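The values are calculated or read from the model by the stated rules, or taken from the named source; none is laboratory data. Everything quoted here is computed from the prediction, not taken from an experiment. Please note: Cβ atoms are built from the backbone with ideal geometry, for glycine as well, and neighbour counts cover all protein chains shown.
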Amino acid sequence: MPELQRLRADHAPTVLAFELANRAYFAAFVTDRGDAYFDRFADRFGALLAEQEAGVCAFHVLVDEDVSVLGRFNLYDLEDGAAELGYRVAQHAAGRGVATSAVQELCRLAATRYGLRTLRAGTSRTNVASQRVLTKAGFVPVDPADPADLGGEPGTWFRRDLDSAGPGAAGPPGWY
């Protein structure tokens, strides 16, 4: 069963493999990270760990039984009880419910581990799969998103107030 793990230094090789293997797939939904991202991956990864250590962000990977990365699930800009949620799932894992389960688990962690009360996530109008994930995880559309916020694409901001009664608040069985 996949496990959501807080990002650690030893995840670097599998995160890089995940990003490279899914680069073209991700570029269909979001702006490509560009060659510089991969050329300087070690530096960027170190910066992520430093941000996490400073408490600004909380990064997670969804690790499969074979220790490969199935997805990345992140909380950005933790401040005043709120954060932004971002995620990406491997092409071969898409459509299997892993994104919904991991987002639900991250919502539980956001409330219990990180003390957050509200999450928001943006998605382009064309990314229907991501909209479904957010809706299933208890998010509701609240505002239009400026195209500048979503890599040039028009979209929608979704919001979820975190409490113990919301959808997925306890997470799916076995995800503790």
#### Entry: Residue count for the range 114-171, restricted to those that are at pLDDT 85 or above, assigned to a loop (DSSP other than H, G, I, E, B) and surrounded by fewer than 20 Cβ atoms within 10 Å (Cβ to Cβ)
7
### Message
Condition check: among the β-branched types (Val, Ile, Thr) and touching a residue at least 24 places away in the same chain (Cβ under 8 Å). Does Val128 satisfy that?
### Response
no
### Query
Tell me, which residue of the range 38-64 that is under 18 Å from Asn22 (Cα atoms) and in contact with a strand residue (DSSP E or B) (Cβ under 6 Å, 6 or more places away or on another chain) is surrounded by the most Cβ atoms within 10 Å (Cβ to Cβ)?
Leu62
### Output for the range 1-55, where each listed residue is closer than 24 Å to Glu79 by Cβ, in a helix (DSSP H, G or I) and of a type outside the set (A, V, I, L, M, F, W, C)
Arg44, Gly46, Glu51, Gln52, Glu53
### Query
Which pairs do you get when a residue that is over 22 Å from Gln131 (Cβ atoms) and touching a residue at least 24 places away in the same chain (Cβ under 8 Å), found in the range 20-45, comes within reach of a residue that is among the hydrophobic types (A, V, I, L, M, F, W, C) and exposed (fewer than 13 other Cβ atoms within 10 Å of the Cβ), reach meaning Cβ atoms under 6 angstrom, with the pair 6+ apart or on two chains?
none
### Query
Do we have Asp66 as on the phi < 0 side of the Ramachandran plot, at pLDDT below 95 and not small (Gly, Ala, Ser) here?
yes
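Restricting the search to the range 1-37, which residues are among the β-branched types (Val, Ile, Thr), under 20 Å from Gly151 (Cβ atoms) and either loosely packed, with under 12 Cβ neighbours inside 10 Å or touching a strand residue (DSSP E or B) at 6+ places or on another chain (Cβ under 7 Å) (or both)? Outline the logic, then answer.
Start the filter on the range 1-37 by keeping residues that are among the β-branched types (Val, Ile, Thr), which leaves 14-15, 30-31.
Right, trim to under 20 Å from Gly151 (Cβ atoms) and you get 30-31.
The one that is among the β-branched types (Val, Ile, Thr), under 20 Å from Gly151 (Cβ atoms) and either loosely packed, with under 12 Cβ neighbours inside 10 Å or touching a strand residue (DSSP E or B) at 6+ places or on another chain (Cβ under 7 Å) (or both): Thr31.
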